[in-house]
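FYI, it's all coordinate maths here, none of it is from the lab. Only a predicted model underlies this, so the values are computations on that prediction, with no experimental measurement involved. All Cβ positions, even for glycine, are placed from backbone atoms using ideal geometry, and neighbour counts span all protein chains on display.
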Amino acid sequence: MTTVHHSAICVRDVDAALRFYRDGLGLETLMDHAFDGDWHTLFDAPSNRLRSVFLGDPGRPDVGIVELVAFDAPPGDRVPSEHPAPGFFLLSFFVDVDETLARIEQLGLARDARRIDVPGPAGPVPMATLRDPDGVLVELVGAPS
């Protein structure tokens, strides 16, 4: 069986991304290390040195990891699309939506936050989307109320 180990996001500013994913969403740092390698060949990267920060839940390694990747040379700017398109990328987290949104808003990081309740058989399911500091769309999904 194939499973997803981690999803990587190339970030411009590791500290800003850590404020969002660690301080805002509540993920914990599992690893923070710099690596030298032929990243230009493997990823078409702008340099061959990168910093990799793995974030997740140390008590639940099976739930997936978000990797923040920063190259020594900055990546080119890419403007996220306003609308889903082929290659659409979304990171989705099960959280207490209102609590998490409040924490992210306190950090001043609630970019383009949108919240809805989706009808479900066990009651309404709270959901929200917002963008991380690099424009990646993040979905928050709560338990039915």
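Between PHE89 and ARG51, what is the FRET efficiency for a Förster distance of 22 Å, r being their Cβ-Cβ separation, to the nearest 0.05? After rounding to 0.05, the efficiency reads 0.60. Net length available on complete extension from ARG60 to ASP38 is 4.8 nm, with 0.36 nm assigned per residue and the Cα-Cα distance removed. Panel order for MET31, MET127, by other beta carbons found within 10 Å of each beta carbon, from fewest to most: MET31, MET127. Sorted ascending by nearby beta carbons within 10 Å, beginning with the fewest, ILE104, ILE116, ILE65 become ILE116, ILE65, ILE104.
Relative to the present Cα-Cα distance, how much length would full extension add between THR2 and LEU107 at 0.36 nm per residue of separation?
Here the answer is 34.1 nm.
Using the alpha-carbon positions of the stretch 6-71, Rg (one decimal) and Dmax (whole number) come out as 12.2, 35 Å. Computed from backbone phi with θ = phi - 60° and the Karplus coefficients 6.51, -1.76 and 1.60, the 3J(HN,Hα) list for the stretch 28-45 is 9, 6, 9, 7, 9, 8, 9, 10, 9, x, 7, 5, 4, 5, 6, 10, 6, 7 Hz; x is used for glycine and proline.
Considering only DSSP beta bridges whose two residues both sit in the stretch 6-71, what percent are antiparallel, to the nearest 5?
Numbers: 14 of 19 bridges.
Of all bridge pairs located within the stretch 6-71, approximately 75 percent are antiparallel.
Show that you can apply the helix-only estimate: for the chain, add -39,500 (n - 2.57) for every DSSP H stretch of four or more residues, divide by all residues, and state [θ] at 222 nm to the nearest 500.
On the way: 3 runs with 20 residues, N = 145.
Helices in the chain give a 222 nm mean residue ellipticity of -3500 deg cm²/dmol.
Hey, for a label at ARG115 modelled as a point 7 Å past Cα toward Cβ, could you say which residues of the stretch 1-28 have their backbone N under 18 Å away? Output list for this probe position: 24-26. To the nearest 10 degrees, how steeply does helix 97-106 sit against the main Cα axis of the chain, on a 0 to 90 scale? Between helix and principal axis, roughly 50 degrees. Take every DSSP beta bridge whose two residues both sit in the chain; close to 70 percent of them are antiparallel.
Over all pairs of different C-alpha atoms, the chain has a mean inverse distance whose reciprocal, the Kirkwood radius, equals 16.4 Å. The simple Förster model, with R0 at 35 Å and r as the Cβ-Cβ distance, assigns GLU139 and ALA73 a FRET efficiency of 0.70.
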